[in-house]
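Here's the structure, in structure tokens; my notes come after.
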Amino acid sequence: MAGLFRRNPEDDFKKTYDALSDAVFRFCLMRTSDREQALDLTQETFLRFWNELSKNKNIKNRRAFLFTVARNLVIDSYRKKKSLSLESVLVEGSEDKHESLAFDAKIEINSEADNLKRSINALDDIYRDAVYLRCVEEMKPKEIALVIGQSVNVVSVRISRGLSLLRKLMHYDK
């Protein structure tokens, strides 16, 4: 996406938003476990992206830029120590259970997703973002390196070690 659509910042923003907003939201949701907070962080991420575009800044790798901003906003939100309400988790969980999938299958899928989410969140910080961005967002180590500010080699090692730890946490190791 880098270098495309430079003539019209509005079109550039719209196309980037359409292409990446869901991925940024998922990243924020995975890290915060709070849908409303994830929506706020996603909105703030794209607001900052728009501010940069409106200043005619050349953002070479929009995906890396957006995930870097989102990651920093998540870290800032942790620093503010916003608490997660158990009631909001229960309410959100009940909304999802009445969709088209059979109730039992939905519970099983939610259980597995919750287990994966807890396991990824249980990883040390140095592995968590690298594993999430690689496995869920399917980013390449080079892009992840831009997001977390480390070399590609460091990212590759973190992904490898993080996946090994994740397998152990989920009891998939041999």
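The values are calculated or read from the model by the stated rules, or taken from the named source; none is laboratory data. Just so it is clear, the structure is predicted and the values come from calculations on it, not from any experiment. Backbone-built Cβ (ideal geometry, glycine too); neighbour counts: all protein chains shown.
Table for the structure above
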| quantity | calculated |
| --- | --- |
| Residue selected from region 32-65 under the condition in contact with a Ser or Thr (Cβ under 8 Å, 6 or more places away or on another chain) and of a type in the set (A, V, I, L, M), by the criterion surrounded by the fewest Cβ atoms within 10 Å (Cβ to Cβ) | 38 |
| Single residue of 126, 159, 144, 120 found to be in contact (Cβ under 8 Å) with a residue 40 or more places away in the chain and surrounded by 13 or more Cβ atoms within 10 Å (Cβ to Cβ) | 120 |
| Residue within region 90-97 that is part of a loop (DSSP other than H, G, I, E, B), modelled with pLDDT under 50 and among the basic types (Lys, Arg) present | yes |
| Residue 2 being of a type in the set (Gly, Ala, Ser), modelled with pLDDT under 95 and either part of a helix (DSSP H, G or I) or in the same structural domain as residue 117 (by TED's automatic domain parsing) (or both) | no |
| Selection from region 148-171 of residues that are at pLDDT below 90 and in a loop (DSSP other than H, G, I, E, B) | 170, 171 |
| Residues that are part of a helix (DSSP H, G or I) and either over 20 Å from the mean Cα position of the chain (by Cα) or among the charged types (D, E, K, R) (or both), drawn from region 132-147 | 134, 142, 143 |
| Filter pass, residue 29 being surrounded by 15 or more Cβ atoms within 10 Å (Cβ to Cβ), under 19 Å from residue 139 (Cα atoms) and at pLDDT below 90 | yes |
| Condition broken by residue 109, with the remaining ones in (1) at pLDDT below 95; (2) outside the structural domain of residue 161 (by TED's automatic domain parsing); (3) outside any loop (DSSP other than H, G, I, E, B); (4) surrounded by fewer than 18 Cβ atoms within 10 Å (Cβ to Cβ) satisfied | (2) |
